[in-house]
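Okay, structure first, notes after.
The values are calculated or read from the model by the stated rules, or taken from the named source; none is laboratory data. Source: prediction; values computed, not measured. Cβ coordinates were reconstructed from backbone atoms using ideal geometry, including for glycine residues, and neighbour counts include every protein chain displayed. The area values use the complete protein model at the heavy-atom level, side chains included, leaving out ligands, DNA and RNA. Shrake-Rupley method; radii C 1.70, N 1.55, O 1.52, S 1.80 Å.
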Amino acid sequence: MDQLSVHLVNPSDNSFGTAVITPRWLFVLAAATPRAAGDPILVDESLEQIVPETIQPGDIVGISVHTGNALRGYAVGKMARERGAWVVYGGIHATLFPEEALKEGQAHAVVTGDGDVAWGKAVTDCLAGKLERIYEGGRIGGSEFLAARWDLMDPAKYMWASVQTIRGCPKHCSFCSVWRTDGQKPRQRSHKRVIDEIVELRRIGFRFIALADDNFYPVTFTDLRLAREQKNMAKLEELEAIRAERFHLMDELAKLPRDMVFYTQMTMEAGEDGEFLDAMRKANIKGALVGVEAVTPEGLKAVFKDWNYSGEALARQLQKFKAHGVHVLGSFIFGLPTDRPATFDATVEMALKAGVTFAQFVMMTPFPGTVDFGRWEKEQAQNPTMVGDVPITRYWMIPTEIRPKMFTPHPTMSSDEIRERTQRVWDRFYNWGAIWQRSTCTPNLKSRIAFMFLSKLYRQMYAGTGISTDSARRKKSKAWARWTAHQCKKLFQAKPMPELPSREWVHELVPSIARAAFAGGDGVKMAGAFASTPAD
Ligand code: B12
Ligand code: SF4
């Protein structure tokens, strides 16, 4: 009998030939695939669609679904099952709705939670002919997170690679499911594992890396102060250890080749922490997505984020990032119940005033697992709104051509009004004049032009294809994004550094001793090795 194959599929309706960021799960699950099953075949549909004929009877097909791509994922699963394969789902949406994946996606099995350990068990069981229905991956410890199989990636297809350093977030924003699925306790990977992966990526020509973390700044000054005031010494020690490991990681990132660029996401409280921002700059973490969400106190209250700043204080807080050399990608939400027509102009003016380098303006979406979703589902329970035969609270099951763009009614504005106003905000923030002005943050004319291209690409990929409704515009916009993405890929290509040495880590010691050992020993040696590599 021929050897069966394991396929891992990242579903997407939009294929651009080139993708911005690697879908990390694909390469982590490749690492979790037992050796007995051979190297898995990886299919990222954000590049190209899967070819059904590649799937043979008896193959195992693992599919990851988040809410936005669940319908496409289920179509791939059905196709694979029809071809006689074993179908297994995982990812955030399958974690929240395992029964849906079994029914609508015709799964044989679903892995909930982290797949690093559970996927291996599911494949082994499948090979032994005793696949179970549900595998509970739960929340594994940071030391169990697997390094990705970057050797299975085609570097020509991606602009940025993604490496995770921490999972979980202590906050509890009403529109976000991360704190519910990944938990509120931060789970950190050791900086050694993170650095080893990054060295491997730089060797194959990646110098742009997204740190795919829920919140890169998990311990704030307020957290430390509260623990001190409550005389909770155990908590204080735990928080200080998390913070110390963050600095440790940044110290080590700073020793990597100077042409590397990192980007992450975090809360704006880091604006108070000059020491942290300085360490980020030294570590070449050039930018961070910061969830601003709303510019008014009412808006922030509505999303349980009243610890965020508003008004003038918000502009000052965001400017602090820039003053410390960290660019901000401000993320704003429109469609909150407190929004009024004037909110749109006020928001874009604030984004311009605060000097954020990039911005995204997303429309309020009730993602499953969030407080907002729970509230909405309860409201809808008595008299559910239907689109065809699908209740609107299962909007991801509505075919994309007829899926409404907004799901929760706004008290004073129609969905069309919110959409049009949001589109105008994108247009204003990303008009040529505004981008040209922002491009002064780059060192020379060539970089300014690159910056302008990237800003337009960002706008097109995120606002153009996501918000525009009519298919003619979507098609044109996709073609434009495909062409621009291909051009932009060249901007991110770096000369591979196959000679880049691996770190020779000392054995696990008490952190402070390890720090001293690095400063006087291997750390200095490695820093010297990197310093002699050509920087861009
Ligand atoms: C980095 C990131 C991004 C990056 C990179 C995306 C990329 N190309 O990978 C960017 C910024 C581009 C992005 C964009 C968006 N994102 Co995002 N993103 C994340 C983030 C922070 C980390 C994802 C990651 O790489 N994790 C590391 C990998 C290893 O973990 P993982 O994906 O969870 O996979 C593990 C398990 O889930 C499981 N698993 C996953 N798949 C499978 C499959 C099988 C078969 C098995 C067995 C197991 C398994 O095993 C893996 C290893 O343990 C998550 C937050 C989160 N905690 O998930 C949000 C998150 C996934 N994003 C989210 C959203 C909403 C978006 C956007 C829609 C935002 C927007 N409004 O534009 C877009 C959509 C983009 C798209 N079309 O896919 C939501 C999804 C919510 C939902 N219910 O679907 C999340 C959960 C954040 C949130 N606030 O709620 N995102
Ligand atoms: S939105 Fe950001 S800060 Fe809020 S819970 Fe989610 S990850 Fe944490």
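Looking only at the stretch 399-414, which residues are under 20 Å from E100 (Cβ atoms) and touching a residue at least 60 places away in the same chain (Cβ under 8 Å)?
Across the stretch 399-414, the qualifying residues are P399, T400.
How many residues are within 16 Å of ligand 1 (Cβ to nearest atom) and either without any contact (Cβ under 8 Å) to a residue 12 or more places away in the chain or among the hydrophobic types (A, V, I, L, M, F, W, C) (or both) when one looks only at the stretch 376-391?
Total satisfying the criteria: 1.
Do we find that R448 is under 27 Å from the mean Cα position of the chain (by Cα), open to solvent by 30 Å² or more (accessible area, probe 1.4 Å) and at pLDDT below 90 in this structure?
No, not satisfied.
Taking the criterion of being within 14 Å of L336 (Cα to Cα), assigned to a helix (DSSP H, G or I), open to solvent by 30 Å² or more (accessible area, probe 1.4 Å) and small (G, A, S), would at least one residue in the stretch 410-419 satisfy it?
Taking every residue of the stretch 410-419 in turn, at least one turns out to be within 14 Å of L336 (Cα to Cα), assigned to a helix (DSSP H, G or I), open to solvent by 30 Å² or more (accessible area, probe 1.4 Å) and small (G, A, S).
Restricting attention to the stretch 166-176, which residues are touching a Gly at 6+ places or on another chain (Cβ under 9 Å) and more than 8 Å from ligand 2 (Cβ to nearest atom)?
Across the stretch 166-176, the qualifying residues are I166, R167, G168.
So which of I392, I467 is open to solvent by less than 40 Å² (accessible area, probe 1.4 Å), modelled with pLDDT of 95 or more and not acidic (D, E)?
From the options I392, I467, the qualifying one is I392.
To keep it simple, each residue is scored yes or no on (1) touching a strand residue (DSSP E or B) at 6+ places or on another chain (Cβ under 6 Å); (2) of a type outside the set (D, E, K, R); (3) open to solvent by 10 Å² or more (accessible area, probe 1.4 Å).
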residue	(1), (2), (3)
M268	yes, yes, no
E272	no, no, yes
R281	no, no, yes
L300	no, yes, no
K305	yes, no, yes
G330	yes, yes, no
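Between residues in the stretch 13-28 that are modelled with pLDDT of 90 or more and residues that are in a helix (DSSP H, G or I) and of a type in the set (K, R), which pairs lie under 7 Å by C-beta distance while being six or more apart or on different chains?
Once the first residue is modelled with pLDDT of 90 or more and sits in the stretch 13-28, its partners that are in a helix (DSSP H, G or I) and of a type in the set (K, R) give D13/R72.
Which numbered condition trips up T338, out of (1) under 30 Å from L454 (Cβ atoms); (2) in contact with a helix residue (DSSP H, G or I) (Cβ under 7 Å, 6 or more places away or on another chain); (3) in contact (Cβ under 8 Å) with a residue 24 or more places away in the chain?
Going through the list (1) under 30 Å from L454 (Cβ atoms); (2) in contact with a helix residue (DSSP H, G or I) (Cβ under 7 Å, 6 or more places away or on another chain); (3) in contact (Cβ under 8 Å) with a residue 24 or more places away in the chain, T338 breaks only (1).
With respect to M397, determine if the residue is at pLDDT 95 or above, away from ligand 2 (no atom under 16 Å from the Cβ) and farther than 22 Å from T95 by Cα.
So M397 fails the test.
Run A270 past the list (1) part of a strand (DSSP E or B); (2) within 16 Å of ligand 2 (Cβ to nearest atom); (3) aliphatic (A, V, I, L, M) and report the number of the one that doesn't hold.
Only one criterion in (1) part of a strand (DSSP E or B); (2) within 16 Å of ligand 2 (Cβ to nearest atom); (3) aliphatic (A, V, I, L, M) is unmet by A270, namely (1).
Criterion first (touching a residue at least 40 places away in the same chain (Cβ under 8 Å), farther than 25 Å from F304 by Cβ and touching a strand residue (DSSP E or B) at 6+ places or on another chain (Cβ under 7 Å)) does I209 satisfy it?
The answer is yes for I209.
So in the stretch 150-165, with the set limited to residues that are at pLDDT 95 or above and assigned to a helix (DSSP H, G or I), which one is surrounded by the fewest Cβ atoms within 10 Å (Cβ to Cβ)?
Filtering the stretch 150-165 for residues that are at pLDDT 95 or above and assigned to a helix (DSSP H, G or I), the one surrounded by the fewest Cβ atoms within 10 Å (Cβ to Cβ) comes out as D151.
Helices (runs of 4 or more DSSP H) wholly in the stretch 166-264 with at least 2 residues that are open to solvent by 30 Å² or more (accessible area, probe 1.4 Å) and within 15 Å of ligand 1 (Cβ to nearest atom) - which ones?
Answer list for the stretch 166-264: 178-181.
Which residue out of G38, G91 is modelled with pLDDT of 95 or more, near ligand 1 (Cβ under 8 Å from one of its atoms), out of contact with any Asp or Glu (no Cβ under 9 Å at 6 or more places or on another chain) and small (G, A, S)?
Of the residues listed, the single one that is modelled with pLDDT of 95 or more, near ligand 1 (Cβ under 8 Å from one of its atoms), out of contact with any Asp or Glu (no Cβ under 9 Å at 6 or more places or on another chain) and small (G, A, S) is G91.
Does T357 satisfy the criteria of being touching a residue at least 40 places away in the same chain (Cβ under 8 Å) and more than 30 Å from R258 (Cα to Cα)?
No, not satisfied.
Being touching a Ser or Thr at 6+ places or on another chain (Cβ under 9 Å) and of a type outside the set (D, E, K, R) narrows it down to one residue among P98, P155; which is it?
Residue meeting the stated conditions: P98.
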